[in-house]
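Below: one structure, written as structure tokens.
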Amino acid sequence: MMTYKNVMEALEWASSFLVDNGREQTAARIVMQHILDTSYSEVMLHLQDNLTEEQQVKFRALIEEHVNGRPVQYCVGSEEFYGRSFIVDESVLIPRPETEELILGTINRMTKLFQHQALKVADIGTGSGAIAISMKLECPALTVVATDLSEDALATAQKNAQRLEADIDCRLGDLTAPLAGEKFDIILSNPPYIAFDEAEAMSDVVLKHEPHSALFAEEDGLILYRQLAEQLPMYMNRPALIGLEIGYTQGEKVAKFFQDSFPQATISIEKDINGKPRMIFCEIHV
């Protein structure tokens, strides 16, 4: 069995082992940060530090767990999102960097569309709470409601809100049902949008571990966008903003759903950092 004593040797072993088994070598760094409970820069400053025997054993076990197919974020129990660490487990989708752009785009539009910051926001299908919590912490004057159909997901969101000291209102229910009788200035959502027939092209790490209810949707992945477009008019104040993450092939169809429901709105399809259409923003002025 390969032995290593210091941080550098452990990272070198893990990187080779991961690459040999078809996994990303960045997982080695993520696991080491978790083992040492520190930042990437601190790991780099202490490459020559020896690991305890317990740390060596734990490091190897987590690397092997990832090689066997479990996402590294679930192995270590967390993922970075918008500069903060969120608890994640198999009850929730692992937050993606692209979703950070939904938050950034929303904040940029808020300042132009609204005269004040004391706005009411809902995040539909909150999962880990990444969107709702990030919005509240970036813009503390907001009142934020987070909904999810899954009790387990909502429990994870509540844990993250408590840990990150974000005062958000978590509600259980499907789509807009938990918002009944209220109106909102901003609605955000990153709903399941993958068509079922796309599963065969997806990574086994994702398919075997991330919740399918948060990944896949009927009508070629479009059903929840259609339902949201139909339901949201009665929940929106004027002016208002709707921001959605989408699959990169879905922009025109999702935009049409919302243009039909909000004929006077300004609809824009925005690209992510990789140049793929990834967000729809619907600005409702009147």
Test ASN190 against the criterion of being crowded, with 22+ Cβ neighbours inside 10 Å, modelled with pLDDT under 95 and under 19 Å from GLU100 (Cβ atoms), and give yes or no. yes
Within the range 42-63, count every residue that is open to solvent by 70 Å² or more (accessible area, probe 1.4 Å) and outside any loop (DSSP other than H, G, I, E, B). 8
Exactly one of (1) part of a helix (DSSP H, G or I); (2) open to solvent by 40 Å² or more (accessible area, probe 1.4 Å) is unmet by ALA27. Its number? (2)
The condition of being touching an Asp or Glu at 6+ places or on another chain (Cβ under 8 Å) and part of a strand (DSSP E or B) holds, among SER85, SER91, only for SER85
When SER189 is evaluated against the numbered criteria (1) free of Cβ contacts under 8 Å to residues at least 12 places away in the same chain; (2) within 22 Å of PRO233 (Cβ to Cβ); (3) in contact with a strand residue (DSSP E or B) (Cβ under 9 Å, 6 or more places away or on another chain), which criterion, by number, is the only one it fails? (1)
Index of the failed condition, GLU100 passing every other in (1) over 30 Å from PRO191 (Cα atoms); (2) at pLDDT 95 or above; (3) not small (Gly, Ala, Ser): (1)
Kindly list, by first and then second residue, each pair from a residue in the range 42-55 that is of a type outside the set (Val, Ile, Thr) to a residue that is open to solvent by 100 Å² or more (accessible area, probe 1.4 Å) and assigned to a loop (DSSP other than H, G, I, E, B), limited to pairs with Cβ atoms under 8 Å and residues at least 6 apart or on different chains. ASN50/LYS5; LEU51/LYS5
What is the one condition in (1) touching a Leu at 6+ places or on another chain (Cβ under 9 Å); (2) under 30 Å from GLU151 (Cβ atoms); (3) surrounded by fewer than 17 Cβ atoms within 10 Å (Cβ to Cβ) that LYS5 does not satisfy? (2)
Taking only the range 250-259 into account, find how many residues are of a type outside the set (A, V, I, L, M, F, W, C), modelled with pLDDT under 95 and out of contact with any Gly (no Cβ under 9 Å at 6 or more places or on another chain). 4
Among the candidates LEU154, LEU149, which residue alone is open to solvent by 10 Å² or more (accessible area, probe 1.4 Å) and at pLDDT 95 or above? LEU154
Answer yes or no as to whether ILE168 is among the aliphatic types (A, V, I, L, M), open to solvent by 20 Å² or more (accessible area, probe 1.4 Å), more than 21 Å from GLN231 (Cβ to Cβ) and touching a helix residue (DSSP H, G or I) at 6+ places or on another chain (Cβ under 7 Å). yes
Scanning the range 106-134 for residues that are closer than 13 Å to SER189 by Cα and touching a strand residue (DSSP E or B) at 6+ places or on another chain (Cβ under 6 Å) gives THR106, VAL121, ALA122, ASP123, ILE124, GLY125, THR126, SER128, GLY129, ALA130, ILE131, ALA132
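The values are calculated or read from the model by the stated rules, or taken from the named source; none is laboratory data. From a predicted model like this one, the values you see are computed outputs, not experimental measurements. Heads up, the Cβs are rebuilt from the backbone with ideal geometry, glycines too, and the neighbour counts pull from every protein chain shown. What goes into the accessible areas is simple: the full protein's heavy atoms, side chains included, and nothing from ligands, DNA or RNA. Shrake-Rupley method; radii C 1.70, N 1.55, O 1.52, S 1.80 Å.
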